[in-house]
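These notes concern the structure reproduced below.
The values are calculated or read from the model by the stated rules, or taken from the named source; none is laboratory data. Just so it is clear, the model here is predicted, and its values are computed rather than measured. With ideal geometry, Cβ positions are generated from the backbone for all residues, glycine too; neighbour counts draw on all protein chains shown.
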Amino acid sequence: MRTITPAIIALCLIATGPTAAEDLAPREVLARTLALHDGVQDYTAHVRVTTDIPDFDIPVREFTVYIKRPDKVKIESTGLVIVPKDVLLLGDLKRHLAEAGQVTLAGVNREGSRPLYCLKITPEMAAKRDRLLLWVEDERWTLTKTELWGGANRYLTVYWKHVQVNERFWMPAEVKCEISGGVLRGARPGTITVTFTDYRVNTGLSDELFESKDR
């Protein structure tokens, strides 16, 4: 696990066009997925984080988040909140794409009538046997699942659900992370589920909103 970089994990935690995915190069499929939120300038949402990991007593956390891209984040909560900034910034996947040394099509599955394209990504600086798998749904180009592997060990699986906002943007509705004991340094496997509701997108959030010293 020492060879798995934080940037790769962030890539797990988070496209349009008429061309069929099978006619595209794997990197083009990935590019369409990364372009999903190109038009999102800012958003507000209610977020709920539920942690179910044996030996970890972490209460459910709920908070309101304000995001102004590329990197402004404000959280309103009555208690302590620990959540990766990359998750709230919609995965910030484009920044991490620079580490994707090799992108290949590992296979095509089906979920109902829709094809799912499995991309295998070998990050530039990762160990030779480390890899990230992404399942991308055709037409909407949304992620349905991501897996982080180190050799024969699967460290992290993330299941994605999306909701359409403003009849345009497919935003994360639920991100469920299944974590192996190896990631938690000997702890038993568990899950962390992040749900997003009450989206408001592109309302013109001001910079002053993020200048408050509240955390």
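Kindly provide the set of residues from the stretch 32-58 that are among the charged types (D, E, K, R) and either under 13 Å from residue 69 (Cβ atoms) or touching an Asp or Glu at 6+ places or on another chain (Cβ under 8 Å) (or both), ordered by number. Correct list: 38, 42, 48. For the stretch 45-65, enumerate the residues that are of a type outside the set (Lys, Arg), more than 18 Å from the chain's Cα centre (by Cα), assigned to a strand (DSSP E or B) and closer than 12 Å to residue 193 by Cβ. Once the filter is applied, which keeps residues that are of a type outside the set (Lys, Arg), more than 18 Å from the chain's Cα centre (by Cα), assigned to a strand (DSSP E or B) and closer than 12 Å to residue 193 by Cβ, the stretch 45-65 yields only 52.
Sub-6 Å Cβ pairs linking a first residue in the stretch 133-151 that is of a type outside the set (Val, Ile, Thr) to a second residue that is not in a strand (DSSP E or B), at least 6 apart or interchain, are 138/21; 141/15; 141/32; 141/33; 148/12; 150/4; 151/129, ordered by first then second residue.
So for the stretch 184-194 (the condition being touching a Gly at 6+ places or on another chain (Cβ under 6 Å), in a loop (DSSP other than H, G, I, E, B) and at pLDDT below 85), does at least one residue qualify? Walk me through how you get there before you give the answer.
Narrowing the stretch 184-194 to residues touching a Gly at 6+ places or on another chain (Cβ under 6 Å): 187-189.
Narrowing the set further to residues that are in a loop (DSSP other than H, G, I, E, B) leaves 187-189.
Next cut, at pLDDT below 85 only: 187-188.
The answer is yes, given that some residue of the stretch 184-194 is touching a Gly at 6+ places or on another chain (Cβ under 6 Å), in a loop (DSSP other than H, G, I, E, B) and at pLDDT below 85.
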